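Working notes for the structure below.
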Amino acid sequence: ATRYFYEDEPKKQAVALESKPYFTREDFEKESKLNPDNLYIQRQLGMHYEANGDYALAKEVYLREAGKNPDNPDAHYFLGSLFATLGEYQKAKFSFEEALYLDPNHGATIEAMSMFVQTDEKKQLGRDVLRYSSQKAPDGPAQRITIIRETMAAGDYTEALNLAEEATEKYPTHTGFVQLIGENNLKLGRPEDAKRSFQRAIKLNSKDIQPHLLLADLYFEQGKYVYAALSYSDAVYLDPDNSDYR
């Protein structure tokens with residue numbers, strides 16, 4: 001069944017990015033060998049490989065862990081995230097849906113999908129996966145995100161803002177709803193309120209790239225180019241292969 005995941009696809013050319021200097025590859029690999037049954041230590045090894053452009057090694061880690069932990073949605077989310085990074089969206093969709101099959105309200109997967117707005121392909125992936133979660137859990141956060149996005153598409157930003165604020169009260173650590181508050185404030189001509197929301201989303205989860213980009217774009221529009229550059233540099237750190245952020 002895993003043969004499909006190993007099929008050759010066009011490989012991305014990685015830009016080397018050193019991980020924190022006080023943890024070497026040997027450190028991560030040694031820790032991984034000492035804790036073979038700890039999924040989250042294996043995740044650290046996979047992230048180290050990703051940060052340095054070794055996607056094939058990262059894929060080996062995540063495939064192995066998904067096989068060892070078939071009932072843990074995190075394992076499937078980790079694998080799906082890598083496929084999404086590589087632009088292998090159909091494979092990513094399968095992995096994310098597996099995570100949501102196990103836990104229809106899996107927070108990491110739903111938050112990631114709410115942030116997938118950079119390209120048409122990512123938007124479609126996010127919509128498909130959120131729809132799957134909504135079907136599995138009609139009262140969950142994915143359904144709320146879908147409704148908010150549809151309300152925004154209809155141009156009713158005041159209602160969308162109210163819905164996002166209500167959702168944040170129920171899910172206070174969900175960065176997707178905080179980001180949506182910022183997006184709607186921006187549409188309503190409230191840039192300072194939007195800025196605070198984007199900064200709060202970053203504080204909640206600094207590894208989500210979209211709030212960094214939204215904040216950078218906002219600073220750029222305000223002519224605050226130094227702060228825009230700082231925010232774009234955070235995006236480059238999180239996704240070094242994307243030349244648009246440079």
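All of the numbers you see were taken from the coordinates with simple rules; none came from a lab. Quantities reported herein were computed from a predicted structural model and do not represent experimental measurements. Cβ sites come from the backbone with ideal geometry, for glycine too, and all protein chains shown count toward neighbours.
Numbers for the structure displayed
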quantity: Spin-label zone in the stretch 48-89 - amide nitrogen under 20 Å from a point set 7 Å from the Cα of residue 27 along the C-beta vector; calculated: 48-54, 58
quantity: Local electrostatic count at residue 159 - Lys and Arg +1, Asp and Glu -1, tallied over other residues with Cβ under 15 Å; calculated: -2
quantity: Label point distance in nm, residue 165-residue 237, each placed 7 Å from Cα along Cα→Cβ; calculated: 3.2
quantity: Cα long-axis angle, helix 175-187 against the chain (0 to 90 degrees, to the nearest 10); calculated: 40
quantity: Under 25 Å from residue 203, Cα to Cα: lysines that are on another chain or at least 8 residues apart; calculated: 20, 122, 123, 170, 187, 195, 224
quantity: Estimated Rh, the stretch 67-122: Kirkwood, alpha-carbon pairs, angstrom; calculated: 11.1
quantity: Folded to 0 to 90 degrees: helix 39-51 orientation relative to the chain principal axis, Cα; calculated: 80
quantity: Cα centroid of the stretch 166-204 to Cα centroid of the stretch 38-91, whole Å; calculated: 29
quantity: Largest-first principal axis extents, alpha carbons of the stretch 125-245, Å; calculated: 43, 31, 24
quantity: Nearest-0.05 FRET efficiency for residue 64 and residue 90, computed from C-beta distance (R0 22 Å); calculated: 0.55
quantity: Helix 73-85 axis, angle to the chain major axis (alpha carbon atoms, nearest 10°); calculated: 80
quantity: Two-site FRET efficiency, residue 39 against residue 203, from Cβ-Cβ distance with R₀ of 30 Å, rounded to 0.05; calculated: 0.70
quantity: Helix-derived mean residue ellipticity, 222 nm - over the chain, DSSP H n ≥ 4, -39500 (n - 2.57), to 500; calculated: -22500 deg cm²/dmol
quantity: Label point distance in nm, residue 156-residue 101, each placed 7 Å from Cα along Cα→Cβ; calculated: 3.6
quantity: Where labels lie 7 Å past Cα in the beta-carbon direction, separation of residue 139 and residue 190 in nm; calculated: 2.9
quantity: Rg/Rg_globular for the chain, with Rg_globular taken as 2.2 N^0.38 Å and Rg from C-alpha atoms; calculated: 1.03
